[in-house]
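To start, the structure under review is shown below, and the notes come after it.
The values are calculated or read from the model by the stated rules, or taken from the named source; none is laboratory data. For clarity, every value in this text was computed on a predicted model and none was experimentally measured. A quick note on method: Cβ atoms are made from the backbone with ideal geometry, for glycine too, and the neighbour counts reach across all protein chains shown. These area figures cover heavy atoms from the full protein model, side chains too; ligands, DNA and RNA do not enter into them. Shrake-Rupley method; radii C 1.70, N 1.55, O 1.52, S 1.80 Å.
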Amino acid sequence: MMSSAPPYGLKTLAETTSRVSARGLRARDCGEPMSVGQQEVGPTMVGDEHSDQHLMDYLGAIKRNMLGNHFWEYYVNDAPRIVLDKLEKYGYRVVSMTGVGQTLVWCLHKE
């Protein structure tokens with residue numbers, strides 16, 4: 001009988017929100033369980049106040065300042081995979097991806 005447990009001893013991943021910019025994308029833990037193989041969910045942070053305005057418009061990003069932060073950030077309600085697909089169409093390529101604790105980071109490059 002096949003086990004429904006994820007391979008390699010993994011139990012669950014955290015449902016995430018994320019950050020993306022021309023330099024990289026980060027996902028933060030929301031604390032909701034998510035099984036291995038499902039996609040991360042939005043909103044996705046896509047830049048800061050110094051980001052390319054044309055790129056932010058293309059992504060449909062909204063600029064906001066969160067209470068307690070001394071900086072502005074852009075976000076979209078799309079999941080990271082949707083944002084990465086849009087950035088690929090815009091000429092960006094994923095160079096690397098890593099995890100830092102509960103944070104996921106994608107490094108992108110535009111030719």
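Does G68 satisfy being open to solvent by 40 Å² or more (accessible area, probe 1.4 Å) and within 15 Å of the chain's Cα centre (by Cα)? Judged against the criteria, G68 is not a match. Based on what the data block shows, is H54 outside any loop (DSSP other than H, G, I, E, B) and modelled with pLDDT of 90 or more? Criteria met by H54.
Tell me which strands (runs of 3 or more DSSP E) are completely within segment 71-111 and hold 2 or more residues being open to solvent by less than 50 Å² (accessible area, probe 1.4 Å), out of contact with any Gly (no Cβ under 7 Å at 6 or more places or on another chain) and modelled with pLDDT under 90, or say none if there are none. Let's see the steps before the verdict.
Details: elements: 73-76, 92-100, 103-110.
Per the criteria, 103-110.
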